[in-house]
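K.L.:
Starting off with a structure, shown below.
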Amino acid sequence: MTEFVIKPAVRTKNVTYAVRDIVVLANEIAKTGKEMLYLNIGDPNLFDWEPPKHLIEATYKAMLKNLNGYAPSSGIKEAVKAIETEADKKGIKNVQDIFVTTGASEAIDICLTALVNDGENVLTPTPGYPLYTAIQSKLQMYENPYYLDESNGWQPDIEDIKSKINSKTRAIIIINPNNPTGSNASPDTLKKLIDLAIEHNLVIFADEIYDKLLMDGKKHTSIASLNSEVPVITFGGLSKNYMVPGFRIGWGIVSGNRAVLKDYIEAINKLLRARLSANHPEQYGIAPSLLGDQSHLEVAMKKLTNRRNMTVEMMNAIPGISCVEPEGAFYAFPRIHNILDDAHWTQELIKETGVVVVHGSGFGQVPGTNHFRIVFLPSENILEKAYKAIAKFHEKYVEKFEKSAMK
C-alpha cells in the first residue's frame with residue numbers, strides 16, 4: 001500500500017480557540033502535581049453555582065415522559081412561545097422568526113453560513129469571542145475586525161467600524177455584554193451601529209447571551225429594541241443566565257422588515273431542517289426558565305459583584321497592570337503595560353504558578369497592546385490566592401524577561 005498523508009481541508013488552517021487551547025499546556029503542568037487555579041473557562045458549574053431547580057425538574061420530567069426523540073427543527077412550541085415573550089420583554093418588535101439551537105454557538109454558525117459567501121466579510125468585535133473567527137476560517141471569509149475602545153469602557157469604536165465597511169461587508173456583530181471585557185454597550189453606541197447597518201444594508205448579529213448578568217444596577221439594552229425595521233438576529237440561551245452550559249440550548253430571534261428578511265429566513269430554516277433539531281428534552285426547561293422564578297439571578301449578581309470588585313481592586317494594585325471595571329458577564333480583561341508578548345506571559349504564568357488565564361491575543365486586541373482574560377466565577381478564596389500569585393509572578397517576569405529583551 002502506498003504511503004500517503006491525508007491533508008486536512010484548508011478551511012481548518014486558521015481555526016483556533018484560545019480558551020480551550022490553553023488547557024493543553026495546563027494539563028501538562030497539572031501532571032507534575034502543581035496546584036492549579038483555573039480562571040480560564042466561563043463554566044459556572046465548575047464552581048459554587050447551580051441552575052434553578054425548576055429548570056432541572058422540567059427537563060427531568062420531559063425525559064421521564066420519554067420526550068427523548070427528535071424535536072421540530074425550529075424548537076418545540078412552548079419554548080418558541082416563551083422566547084417570543086422574552087423578546088417582547090426586551091422590547092424587540094416585528095419578530096419574524098424564532099429558532100432553538102444546540103447552544104447559541106450553533107445559531108451563530110447557521111446564521112453566518114446562511115448569509116456570507118466566499119470572499120465576503122462581517123465586522124467582528126476585537127476583543128471578542130473566538131468562535132466568530134473560527135467560523136470565519138471555516139467559511140473562508142476574510143477577517144474584518146473592529147476595535148473596542150479600552151479608554152471608553154470597551155465600547156465599540158464607531159469611527160473604526162466606519163472605516164472598515166466595504167462592498168463585501170454583510171453584517172456587524174456585537175457581543176453585549178462583551179466576552180472577554182465585560183463591557184455593556186450604551187444605547188447611544190447601539191443607535192450609531194443601527195445607523196451604519198441601515199446606511200450599508202447590513203444585518204446586525206446581536207450576541208446577548210449574558211443579558212441578565214449586569215452589575216451595579218446597570219441596564220441592558222437589546223439593540224433590536226431600538227429599531228423594528230433594521231434586520232437583527234438576537235442570540236440568547238440558557239447556558240450563562242441559567243447556568244446550564246452543558247445543556248447546549250440557545251436560540252435566535254430574527255426581527256426587522258419582513259420583505260428584506262424573507263429569503264434569508266428561508267435559507268436559515270433550510271440549514272435548521274438539514275441538521276434535524278436541537279436537544280429535545282432540554283428544550284422543556286426554556287419556558288420555566290424564562291417565565292418562572294428569577295431569584296437565582298439576584299443571588300448570582302451579589303456574588304459576581306463581590307468577585308468583580310476584588311478582581312478590579314487587586315489587578316489595579318499590581319504595578320504595570322490596569323483593569324477597566326466590567327459591568328456585566330463574569331470576565332475581566334486586564335492590560336499588561338510592560339511586556340512584549342501576552343501569550344508568552346500567560347504560558348510562563350501557568351508553568352510558574354498554576355494559575356490558568358487566557359492570553360489577550362487569543363481574543364484579538366489593538367496591535368501593540370497586551371492583555372489577559374480572567375474568569376471571576378471561582379470563590380473569593382481561590383481568586384485571592386490566584387491574584388496574589390499573579391502579582392508575585394509579574395514582578396519576577398518583568399525582571400527576568402522584559403529587561404533582558406529591552407537591552
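Bear in mind that the values in this text are calculations on the coordinates, not laboratory data. Computed from a predicted model, the values in this text were never measured in an experiment. Ideal geometry is used to build each Cβ from the backbone, glycine not excepted, and the neighbour counts take in all protein chains shown.
K.L.:
Mind ordering 79-87, 358-366 by average Cβ neighbours within 10 Å, highest first?
P.N.:
358-366, 79-87
K.L.:
Also: What's the exposure ranking of W49, W345, going from fewest to most Cβ atoms within 10 Å?
P.N.:
With the sparsest Cβ surroundings first, the list reads W49, W345.
K.L.:
Just name one of G103, I233, Q365: the one whose Cα is farthest towards the positive end of the charge dipole of the chain (beta-carbon charges, Lys/Arg +1, Asp/Glu -1).
P.N.:
In the chain, that residue is G103.
K.L.:
Would you list, by chain and number, the aspartates and glutamates whose Cα falls below 12 Å from the Cα of K400, excluding same-chain residues fewer than 8 positions away?
P.N.:
Within the straight-line cut-off, K400 pairs with E348.
K.L.:
Whole angstrom only: what separates the Cα centroid of segment 89-125 from the Cα centroid of segment 323-344?
P.N.:
28
K.L.:
Less than 19 Å apart at the alpha-carbon level, and either on another chain or at least 8 residues along: which lysines does that give for K61?
P.N.:
K53, K77
K.L.:
Roughly how big is the chain's charge dipole about its Cα centre, with Cβ charges of +1 (Lys, Arg) and -1 (Asp, Glu), in debye to the nearest 20?
P.N.:
Charge dipole, the chain, about its Cα centre: 600 debye, nearest 20.
K.L.:
Report the Stokes-Einstein translational diffusion coefficient (µm² s⁻¹, integer) for the chain, Rh taken as the Kirkwood radius over Cα pairs, at 10 °C with viscosity 1.306 mPa s.
P.N.:
Numbers: Rh = 22.2 Å.
The Stokes-Einstein estimate is 72 µm²/s.
K.L.:
Would you mind calculating the gained length between H200 and K270 on full extension (0.36 nm times residue separation, minus the Cα-Cα distance), in nm to one decimal?
P.N.:
So the chain would gain 22.6 nm between H200 and K270.
K.L.:
With charges only on Cβ, +1 for K and R and -1 for D and E, what is the dipole size of segment 330-407 about its Cα centre, in debye, rounded to 20?
P.N.:
On the way: 10 positive and 9 negative charges, 23 e Å.
With only Lys, Arg, Asp and Glu charged at Cβ, the dipole is about 120 debye.
K.L.:
To one decimal place, what orientation-averaged projected area in nm² is obtained for the convex hull of the Cα set of segment 53-291?
P.N.:
One quarter of the hull surface, i.e. the mean projection, equals 12.4 nm².
K.L.:
Over segment 53-291, what is the relative contact order in percent, taking alpha-carbon pairs closer than 8 angstrom and at least six residues apart?
P.N.:
33
K.L.:
Right, here's the next one. My understanding is that a pair violates if its Cα-Cα distance is over 19 Å; which of K212/K303; K31/K385; K93/K262; K90/K270; K138/K240 do that in this structure?
P.N.:
Too far apart for the 19 Å limit: K31/K385; K90/K270; K138/K240.
K.L.:
Pairs K219/K388; K81/K219; K13/K162; K302/K351; K89/K191: which are spaced more than 27 Å apart, C-alpha to C-alpha?
P.N.:
Pairs exceeding the cut-off: K219/K388; K13/K162; K302/K351.
K.L.:
If you take every DSSP beta bridge whose two residues both sit in the chain, what share of them, in percent to the nearest 5, is antiparallel?
P.N.:
So the antiparallel bridges in the chain amount to around 55 percent.
K.L.:
Sort out for me the Cα centre separation of segment 159-213 from segment 232-290, rounded to whole Å.
P.N.:
If you average the Cα positions of each part, the centres end up 20 Å apart.
K.L.:
Let me ask something else. Find the relative contact order for the chain and round it to a whole percent, using C-alpha pairs within less than 8 Å whose residues are 6+ positions apart.
P.N.:
Averaging sequence separation for qualifying contacts and normalising by length gives 24 percent for the chain.
K.L.:
Please get the size of the charge dipole for segment 53-291, origin at its Cα centre, with Cβ charges of +1 on Lys and Arg and -1 on Asp and Glu, quoted in debye to the nearest 20.
P.N.:
800
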